[in-house]
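The values are calculated or read from the model by the stated rules, or taken from the named source; none is laboratory data. Fair warning: this is a prediction, and the values are worked out from it, not measured in the lab. Heads up, the Cβs are rebuilt from the backbone with ideal geometry, glycines too, and the neighbour counts pull from every protein chain shown. Ligands, DNA and RNA are excluded from the accessible area calculation, which covers all protein heavy atoms including side chains. Shrake-Rupley method; radii C 1.70, N 1.55, O 1.52, S 1.80 Å.
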Amino acid sequence: MTGEYMGAIAKRTNFDRNDFVPLLLITFSLLLNLGWMYYTNYTEEDAFITFRISRQIASGNGFVYNIGEPMYGSTTPLLTLLLALWIKFISADVVFAARLINIIATAVMLFFSWQAVKALNRSSFEQIGVLLVLLTSSKLIYMNTQGMETPLALALLSASWYFWQKDRPNLAGL
């Protein structure tokens with residue numbers, strides 16, 4: 001019964017035995033990014049502008065840096081709103097929230113990049129190669145761990161690419 005059940009899940013999710021290594025690489029990448037965050041404890045200084053605007057939104061003051069100064073200062077409205085929701089409903093620790101969003105977005109980016117390459121009917125070797133390039137890029141590791149919007153943007157771009165290949169234009173556009 002269990003074997004049949006697992007087989008049905010594998011068919012539904014389109015995973016097979018060749019997917020073990022890519023999933024392992026995605027896990028390794030997340031551990032690498034978490035290790036870098038822990039080792040450096042670095043947050044890009046520009047992120048603190050987003051954090052402050054997020055706090056202002058959560059306090060009901062809108063997209064402002066200083067109350068009473070109607071100046072739009074956020075370069076990343078989606079991340080700013082997500083952080084404001086975190087502050088309002090979960091915790092005031094906005095740096096942790098930004099890092100958590102970055103880690104989740106990194107996993108999403110790697111997953112959809114891998115699935116997009118897989119949808120192109122590329123070999124397991126090529127799929128692993130793409131993941132290795134993405135997870136060993138020092139620039140991506142830096143961007144994925146700085147508390148800014150880059151991982152979120154890359155996650156949305158990779159998901160859009162995947163859904164475009166699957167002929168799902170509404171999801172690709174979303």
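Brief remarks follow.
- Selection within the stretch 35-57 - surrounded by fewer than 16 Cβ atoms within 10 Å (Cβ to Cβ), in a helix (DSSP H, G or I) and touching a residue at least 24 places away in the same chain (Cβ under 8 Å): 40
- Extreme residue, most open to solvent (accessible area, probe 1.4 Å), among residues of the stretch 97-117 that are touching a residue at least 24 places away in the same chain (Cβ under 8 Å) and over 18 Å from residue 141 (Cβ atoms): 112
- So residue 85, is it of a type outside the set (D, E, K, R), open to solvent by 70 Å² or more (accessible area, probe 1.4 Å) and either in contact with a Phe, Trp or Tyr (Cβ under 8 Å, 6 or more places away or on another chain) or within 22 Å of residue 144 (Cα to Cα) (or both): yes
- Hits in the stretch 62-80 (condition: open to solvent by less than 70 Å² (accessible area, probe 1.4 Å) and touching a residue at least 24 places away in the same chain (Cβ under 8 Å)): 73, 74, 76, 79, 80
- Flag for residue 134 being modelled with pLDDT of 95 or more, surrounded by 15 or more Cβ atoms within 10 Å (Cβ to Cβ) and either in a helix (DSSP H, G or I) or on the phi < 0 side of the Ramachandran plot (or both): no
- Only listed residue being among the small types (Gly, Ala, Ser) and either touching a Gly at 6+ places or on another chain (Cβ under 7 Å) or outside any helix (DSSP H, G or I) (or both), chosen from 129, 147: 147
- Qualifying residue in the stretch 81-96 (condition: hydroxyl-bearing (Ser, Thr, Tyr) and without any contact (Cβ under 8 Å) to a residue 60 or more places away in the chain): yes
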